[in-house]
């Protein structure tokens, strides 16, 4: 397996790798969800791919991937700080998601044939968006329902007693919150995920894939992709998820600016008009008023700021390798390191782990900036992630979305740059090669 810096070795070999693990895990996501395994979709996709990659001799990786390999090694050092079985379980789940995302990054980087083209990747994740939208509607229509899954039946009691594991294997359709003093509970869709914030982060990260797919297709497929985004706005509004709205605004505004810089004024205007229409719809339906009312009854802003301050202060006591996992807050009922990936990484793995994690995400965003044509939407995914990581947990399938979008956008950006570069003279006669 070679780590390379120059572009000529960026071009991965074109020998075939089967795409069914990737397609099945996300295209047939409800099967895993109903089995109580939705939180392990990335792992199910990565295991067969890993076996195939191990026996290949022509696997290529970009030099920037070294940052992620170093991050994985650093998390192993941080595991020395774990002191309870519950924290070991949480650590193992997070490490599994980091490794799974890495494997799928390598898979996409080395499979650039028609079997796994950018269009097909966007198509798979557009289908995944469809399942997310359906789950959101279930949370709107039947919010009190939950599912007893086969995995829930077979897990030993010690594992089911872990609240995080229980949320994964006993999926509910919505989070129903009862802030003190609120006139009525807040019903916030979450299916097919355990938490409303997880639904919001997935929706925000999947919209660019659907829009990119729509620009690559025509007819019914284009209509279906855009219709999914529009239909998803109803459960999106119901989540009252500020982070999701801000992330989508950042992504859409960023792409609009990039389109303007490319001289695509019509597309920029169309994208801007759609964003304005969505914001007006949210205002007209009273979504912003509900968000304001919820923050009035719920001390979420103060709690988050206090947790962020505590996470930084307590990381200073173990600045190199961190605490290994989130720990109970000294002043609040929420664990430190659970309200944003940035703070989770910093508290769990120290400042070195934080630098490596952010360094790789930011490398994806920077290196994919010249992604050609509609792939600018995939470039927007790691750009949005650079903003989202301060208030969202980004692991599991969210991390896969970021890594896959980055793998496609970075590789195509380099291919595009190489194709446009003038041929270099060779030899004394200055001939071309």
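No value in this document is a laboratory result; all are computed from the given coordinates. Keep in mind it's a predicted model, so treat the numbers as computed, not measured. Note that each Cβ is placed from the backbone with ideal geometry, even for glycine, and that neighbours are counted across all protein chains shown.
Listing for the model above:
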| read-out | value |
| --- | --- |
| Computed over the range 179-280, the ratio Rg/Rh where both radii use C-alpha atoms and Rh is Kirkwood | 1.04 |
| Computed FRET value (nearest 0.05) for residue 246 with residue 223, which takes r as the C-beta separation and R₀ as 22 Å | 0.20 |
| Cα long-axis angle, helix 265-284 against the chain (0 to 90 degrees, to the nearest 10) | 0 degrees |
| Tilt relative to the chain, helix 376-388 - C-alpha long axis, 0 to 90 degrees, to 10 | 40 degrees |
| Helix axis angle, 41-54 relative to the chain longest principal axis, alpha carbon, degrees | 30 degrees |
| Antiparallel bridge percentage (DSSP; both residues within the chain; nearest 5) | 75 percent |
| Listed peptides 137-143, 303-309 by packing density, highest first (mean Cβ within 10 Å) | 137-143, 303-309 |
| Centre separation in Å (Cα based) which lies between the range 323-380 and the range 176-246 | 21 Å |
| Whole-Å semi-axes of the ellipsoid equivalent to the range 122-250 (Cα gyration tensor, √5λ, descending) | 29, 19, 12 |
| Max mean-square fluctuation residue, GNM over the chain, Cα-Cα springs under 10 Å, options 280, 254, 392 | 280 |
